[in-house]
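Visitor: Can you keep this structure in mind? I'll have questions shortly.
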Amino acid sequence: MRLPGGRNGRGVRLVVATALVCAVTGLAAPGVAQAAEARPEPRDSAGSADSAPPGGLSGRPGPEARAGRSLEDVRQQIDRLYHEAEAATDAYNAARSATERQSREIVRIAKAVVAAQERMDRLKKRAGALARAQYRIGGLPDEAQLLLGRGGPEEFLRDANLARKGQQATKGLMTGLARTQKELDAYAKSASGQWRRLEENRERKAAARKRVEGRLKDARKLESELEREELERLRRMEAEEAREAQAKWLGSGVLEDIRGEASKRGGKAVAFATAQIGKDYVWGAEGPDTYDCSGLTSQAWRAAGRPIPRTSQEQWKQLPRIDIEDMRPGDLIIYHGDASHVGMYVGDGAIVHAPRPGRQVTLAGAGSMRILGVVRPDK
């Protein structure tokens, strides 16, 4: 979808982009598309939303009333738990990637040790054979060998030349043995360090997994305590907040400056990412059937022929950063102060992303969350 550029097209851009985000918000919250369009109803004199009895629309006390909390308080707590789970997921993914790298390095070291040990065995055999040969002909001074030698001076000189070559070979053997032994010692030290780091990352991965599962369990428990009507209201509140943030972002005139065209690889990455729309979010997943946020973006760029870091935090740290006004489809938008979420810009003010557990890969407004910055994998 191309939108007209320039100031004359700004109004059209805003209208179309806002309409896109409203439609997308409906996709992200199944069953609430129409409700998301409604503005919050005025409160009655008692201050309760929708003129509903305290605690929920069903007429019996809801969990937020029993706990002395409003639905907004519950929503904020659920959002916080999911955010903490996403941050822990990034830590888990980082530890898992490090563990995989270290495992591969340990395998490489093991193969190198085998090759070095075989080289050491060959050198030792050659050194042993050389030592035995020198023992057989050694022990006599050069003058005695000259007098006793049957071939005369010519043979002696030839043998002396061979002896010098033998000495050089011996020196080369000893140097090779020392160098190979040094390699083996270095491999042993490196392997020891890799094993230690491997265990440390395994522990970090296990701790991160525990945090993720704990936060998700708490969030799901809070959601399970809500009535169906309360869940729908909660979805409407989420959609309204996202829509307001997107409208504010678009209202800044940002789309006037964003005209970049996708690169060849960027276009391939966008095509891959958008083809995953509708697939479930699963933390720690990187396809092909389920994804988390950075699993989606990393696999999309891998499919485009440009491998990038696995986690959103490493994508933010390692990839070239660009200004928002220079953004083009395929670029990655990093969200939140801790860089715990990432989406891929697809153009016209929208991203494709994997939101959180319980949701599916979807389109959303690029400004519907707090933007930390933008990175470009193929700069």
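Visitor: Going by the alpha-carbon gyration tensor, a ≥ b ≥ c the square roots of its eigenvalues, is the stretch 222-310 rounded (a/c under 1.5) or, if a/c is not under 1.5, prolate (a/b greater than b/c) versus oblate?
Guide: oblate
Visitor: Okay, next question. Over the alpha carbons of the stretch 268-346, what is the largest minus smallest coordinate on each principal axis, giving the biggest first in Å?
Guide: Principal extents (largest minus smallest coordinate, Cα): 33, 26, 20 Å.
Visitor: May I ask you to work out the translational diffusion coefficient for the stretch 225-379 at 20 °C, viscosity 1.002 mPa s, via Stokes-Einstein with Rh from the Kirkwood sum over Cα pairs, reported in whole µm²/s?
Guide: Approximately 137 µm²/s, per Stokes-Einstein.
Visitor: Tell me whether the stretch 201-260 comes out rounded, prolate or oblate; compute the Cα gyration tensor, take square roots of the eigenvalues as a ≥ b ≥ c, and use a/c under 1.5 as the rounded threshold.
Guide: It comes out oblate by the Cα gyration axes.
Visitor: Between M174 and I322, what FRET efficiency comes out of the Förster formula 1/(1 + (r/R0)^6) with R0 = 56 Å and r the beta carbon distance, rounded to 0.05?
Guide: That gives a FRET efficiency of 0.45.
Visitor: At 7 Å along Cα-to-Cβ for each site, give me the label-to-label distance between V107 and Q181 in nm.
Guide: 3.3
Visitor: While we're looking at this one, here's another question. Please quote Rg/Rh for the stretch 317-373 to two decimal places, taking the Kirkwood radius as Rh and restricting both calculations to Cα atoms.
Guide: 0.94
Visitor: Continuing with this model, one more query. Between K125 and S192, how high is the FRET efficiency from 1/(1 + (r/R0)^6) when r is the Cβ-Cβ distance and R₀ = 30 Å? Nearest 0.05.
Guide: Here the calculated transfer efficiency is 0.55.
Visitor: Modelling each spin label as a point 7 Å along the Cα-to-Cβ direction, I'd like the A115/T274 distance in nm, to one decimal.
Guide: For the pair A115/T274, the computed spacing is 4.6 nm.
Coordinate-derived values only; no laboratory data. Since this is a predicted model, take the numbers as computed values, not measurements. Note: ideal-geometry Cβ built from the backbone for every residue, glycine included; neighbour counts use all protein chains shown.
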